[in-house]
Amino acid sequence: MPDTAILDGDVLSTVDPDAGGAQVWQRLGSAGVLRDQYRQRTPTGLVADPGRLAATLRAVDARGDNGITLSVLVQSASALPILAAGTGPEFDRVADGDCEVALAATDAAAAGSDLTGLGTEVEIDGDTVRLDGGKRWVTTATRAAYFLVLARHRPGRHFTAFTWVLVPADAAGVRVTPATTTLLAGAGIGHVEFSGVRLPASAVLGRQGRGLALFARHMGTERLAGAQWAAALTSRVLAETRDALTRRKIDGRALWDHDSVRQEFAACLVRVRSLRALHEALGERVVAEHDATSAALLKASIGLTADEVLSRCARWRGADGFADDGLQLLRAEAAVFGIGGGVTELMLGAIADGAGPLLEELRS
C-alpha cells in the first residue's frame, strides 16, 4: 500500500508553494519518497511500485504546477530506472534529491518518435568515449547535473546500434539552451548540444548496444505514470470545476442545476474514473511483465481522455478560462499527454496489432 504521508501530501507540506522543481525534487529525495517508489533494483534498472508511484504524482500534482509534475514524472519514471542500471554514485545522488538528471532521448536529427533515426553519435575507443550531436525538448535540461544521452555507436537502424551515455552537465562541449516556450515553465525544458564531449569509458551506462532494449524495458513505467498523473490532474480539475459551476449563475440559476451541464460533467467523470480503473488494473502487468500492449492502452487512454475532459471544463469557465492561470493554459500544457512518450495515434496502432489477444481476454 502507498505511504500515508505521500498520499496526504505531508512530505511536501514544508515546501514553499512557490518553490521550484529543484526544491520539490530535493524534498522527495531526502524524505525517501523517490526510492520508495521502487521495490526492487536489478541489473537492468528499477521495478516500480505502481501504488507508490501514483501517490507521489498525486501529491506533486496537488501543487498545481504542471511543469514541476512533468519534471518529477520523467525523472522518477524514466530516468531513475535507467540510471539504476549504472554502477557509479550518480544514482544515489539523484535518488536522494541532491541533484537532478535529464533524459536526453528526443534527437535534433529526427522526429521524436523515430528513435532509430537519431543523429547523436558516440565513439567508443578503449578507455575514452567521444559524444557529438544534439537533443531537443529535454525536460529538466536547464537544471540537471547529468544527462542520460541515447546515442548511436554504429551506423544503421538496427536495435543494437544504440547505447546510453551518462554525461555531466558541466563537461566541456556541453551547451544547454532554454526552450522558447512559456508552457510548463517549471519543467526546465531545454535543448542540449554535445560538441566533441570526451568522457571516460565508464560513462557508458549498461551494456554497449543495449540502449534501446533498456529504454523499451522502462518506457512502460513512464506510460503508466502518465496515466496516473492524467487521472490525478483531470480529477482535480473536475472537482474545481464543479465548485465553480455551483457558484456561477445565469438568470439566478446555477450552471450546475442545468441537466445538460450535469450530464456532460458526469460523462467526463466516467472517463476519468475509467482511466484510473485502467491504470490500477494494468499497473502490475506494465512494471512486472513489461506488457507493451497494456502500456499502449494506458498511453492511448490518456490522449483520448485528458483533452476531452479539460476542453469541456475550460469551456464551462468561459472567458475566465483565458486568464494567465486559467484552464485554457492548463489545457494547452496537458497536450503533452498526447505527444510525450509516444503520440496517441502510434499507441492506437500498437493496440490494433494486439487486438486478437485483447479481444480473447475480454471474452474470457
What is the distance in Å between the Cα centres of the stretch 293-364 and the stretch 179-247? 16
So what's the back-of-envelope 222 nm ellipticity for the chain, counting only DSSP H runs of four-plus at -39500 (n - 2.57) apiece and dividing by all residues, rounded to 500? -14500 deg cm²/dmol
What's the magnitude of the charge dipole for the stretch 65-180 around its Cα centre, counting Lys and Arg as +1 and Asp and Glu as -1 at the beta-carbon? Answer in Debye, nearest 20. 380
Between the modelled labels at Thr180 and Asp320 (7 Å from Cα along Cα→Cβ) the distance in nm is 3.5
Which residue, Ala300, Cys313, Gly326, has the largest displacement toward the positive end of the dipole of the stretch 288-327 when charges sit on each Cβ (Lys, Arg +1; Asp, Glu -1)? Cys313
Among Thr140, Pro89, Gly117 the positive-end extreme of the charge dipole of the stretch 86-197 (Cβ point charges): Gly117
With springs only between Cα atoms under 10 Å apart, run a GNM on the chain and tell me which of Arg248, Arg154, Arg130 wobbles the most. Arg248
About its Cα centre, the chain carries a charge dipole, from +1 on Lys and Arg Cβ atoms and -1 on Asp and Glu Cβ atoms, whose size in debye to the nearest 20 is 420
Farthest toward the dipole's positive end in the chain, which of Leu57, Thr246, Thr177, given Cβ charges of +1 (Lys, Arg) and -1 (Asp, Glu) about the Cα centre? Thr246
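Each value in this text was obtained by applying a stated rule to the coordinates, not by laboratory testing. This structure is a prediction, so every number in the text was calculated from the model and none was measured. FYI the Cβ positions are ideal-geometry reconstructions off the backbone, even for glycines, and counts take in every protein chain you see.
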